[in-house]
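Structure, as C-alpha cells:
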Amino acid sequence: MLTHLGNAWGDLGDYHKQKDLLTRSLAITKKHYGKDHIVTGQTLCNLADAWGELGDYHKQIDLLIRSLEITEKHYAKDDIEISDILTDLGNAWGDLGDYHKQKDLLIRSPEITEKHYGKDHLETAHVLTDLANA
C-alpha cells in the first residue's frame, strides 16, 4: 500500500513525499521478499521515477540498473517489463547528456514493444519517438 500511496503523491506532483514513501516501501519489501524478488525490482523502478522527477538522474540510473538486473532474472529478455525499464534507463542517461548510452538502451525497446503491442499501437509510437529524439 505504501507504494500505491507514494505513486499517488507522485501523480499529485509531490515527488519528495513519493520518494519518502517509496523508500519506506522498499525497506519493507526487501525485508519481506528479499533483495532479488520481482516486487523489490518494481519498487526500485518506482523509486527511480521519483528520483528522476527530483532531478537526481545518477540516483535514478543506479536504481533502474538494479531494477533491470532483478527483472531480467524473472522475465524473458523480450518481455515488455524489460522494455519499460530500458526506456526509462535510456531516457535518464539522455537527461545526463550521454546520448550514446541513451541510444544504445532505447534501440532495444521498439522491437520488444512492437512485439508486445503491435506496430500501430500508441506505446510503440512513444518508444519510437524516444529513440528518434535520442
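The values are calculated or read from the model by the stated rules, or taken from the named source; none is laboratory data. On a predicted model such as this, the values are computed, not experimentally measured, just so you know. Cβ atoms come from the backbone with ideal geometry, glycine included; neighbour counts cover every protein chain shown.
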> Going by the conditions given, is Lys35 outside the structural domain of Leu131 (by TED's automatic domain parsing), modelled with pLDDT of 95 or more and not in a helix (DSSP H, G or I)?
Replying inline: yes
> Which fully enclosed helices (runs of 4 or more DSSP H) of the stretch 54-134 have 2 or more residues being touching a Leu at 6+ places or on another chain (Cβ under 8 Å) and not assigned by TED's automatic domain parsing to the domain that holds Thr43?
Replying inline: 80-95, 99-106, 109-117, 122-133
> Within the stretch 44-64, which residues are more than 24 Å from Ala8 (Cβ to Cβ) and surrounded by 15 or more Cβ atoms within 10 Å (Cβ to Cβ)?
Replying inline: Ile61, Asp62
> Give me the pairs: first residue in the stretch 57-68 and more than 17 Å from Ile38 (Cα to Cα), second residue crowded, with 18+ Cβ neighbours inside 10 Å and aliphatic (A, V, I, L, M), beta-carbon distance under 6 Å, and six or more apart or on different chains, which are they?
Replying inline: Tyr57/Ala92; Gln60/Ala48; Gln60/Ala92; Ile61/Ala92
> If you go through the stretch 27-45 one residue at a time, do you hit one that is closer than 12 Å to Thr3 by Cα and in contact with a Phe, Trp or Tyr (Cβ under 8 Å, 6 or more places away or on another chain)?
Replying inline: yes
> Does Ile107 fit the bill of being within 12 Å of the chain's Cα centre (by Cα), more than 26 Å from Trp9 (Cβ to Cβ) and either without any contact (Cβ under 8 Å) to a residue 60 or more places away in the chain or buried (at least 20 other Cβ atoms within 10 Å of the Cβ) (or both)?
Replying inline: no
